[in-house]
Each structure stands twice: as C-alpha cells, then as structure tokens.
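The values are calculated or read from the model by the stated rules, or taken from the named source; none is laboratory data. As the structure is a prediction and not an experimental result, all values here were calculated from the model. Reconstructed Cβ throughout: ideal geometry from the backbone, glycine too, with neighbour counts over all protein chains shown. We work out accessible area using only protein heavy atoms, side chains counted, and drop any ligands, DNA or RNA first. Shrake-Rupley method; radii C 1.70, N 1.55, O 1.52, S 1.80 Å.
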Amino acid sequence: QVTVVESGGGLVQAGGSLRLSCSASGRSFRRNGMAWFRQAPGKERELVEAINWYGDTTEHDASLKERFTISRNGAEIYLEMNRLKPEDTAVYYCAVATSISIYTSATNYPYWGQGTQVTVNA
C-alpha cells in the first residue's frame with residue numbers, strides 16, 4: 001500500500017504562481033513513477049506531467065510545459081506553476097504507479113492523494 005499526500009493549493013490571481021508538493025510513503029513504494037493530474041469541473045481527469053525516479057518526464061503537453069515544471073526528490077514530487085490562467089482552475093491530484101515506469105493514462109496509477117484545489121481568478 002502507498003499513502004499519497006498533496007499540499008500547496010490555494011487561490012491566486014491570474015498571472016500568479018503556486019507550488020504543489022506531494023509525498024508518497026508505504027511498504028509498496030520503492031522507486032515508483034509519480035504524476036500530477038488535474039480535474040476541472042465537468043471535465044475528465046487529465047495528466048499534467050509524470051516523472052520517474054531518475055527525473056525523466058513524459059513531455060506530455062508542450063503548452064503546459066511552458067508554464068508548469070515538475071520535479072522530484074526521492075519520494076516527493078513538486079509542481080511549480082507559473083503565469084497561471086483561470087482555465088488552470090481544477091483539483092490537482094498526485095498519483096503513484098506500481099512500478100518505476102511512468103504513464104499518461106490515469107488507469108496506470110492505483111494510488112492517489114485526496115487532491116488539492118487550485119483556483120485562479122481572472
């Protein structure tokens with residue numbers, strides 16, 4: 001089992017910045033791949049970015065990559081979000097895979113945090 005805890009969400013004005021943190025722990029955690037997803041109201045959960053133990057990422061969304069930076073320090077990952085826009089408003093979730101690999105689909109991540117709300121006002 002893996003326990004996942006996020007922190008760092010909040011309310012920010014458009015153009016501002018936030019930093020999310022996530023910590024994973026548990027008997028099943030070794031060098032598991034980890035990821036940030038987000039889900040806006042009425043929309044499906046989508047991958048923001050994933051990162052493996054060695055710092056490799058999926059390069060999933062080039063437009064987000066211009067403003068969002070994922071990083072990792074062992075069992076902790078971070079998401080630095082800059083130049084935030086109202087459309088970035090969502091619940092942000094940290095997820096942990098069962099292996100060292102990283103994936104773009106949420107179905108490959110069985111362990112999830114409770115989510116942290118990010119709200120960006122225009």
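Mind checking which strands (runs of 3 or more DSSP E) fall wholly inside the stretch 9-56 and carry at least 1 residues that are within 11 Å of the chain's Cα centre (by Cα) and buried (at least 18 other Cβ atoms within 10 Å of the Cβ)?
Per the criteria, 18-25, 34-39, 46-51.
Among what's in the stretch 66-75 and is surrounded by 15 or more Cβ atoms within 10 Å (Cβ to Cβ) and not in a loop (DSSP other than H, G, I, E, B), pick the residue that is nearest to the chain's Cα centre (by Cα).
In this case the residue turns out to be Ile70.
Taking the stretch 1-45 on its own, how many of its residues are within 13 Å of Gly115 (Cα to Cα) and among the acidic types (Asp, Glu)?
Selection size over the stretch 1-45: 1.
Got a number for residues in the stretch 84-121 being part of a strand (DSSP E or B) and open to solvent by 30 Å² or more (accessible area, probe 1.4 Å)?
7
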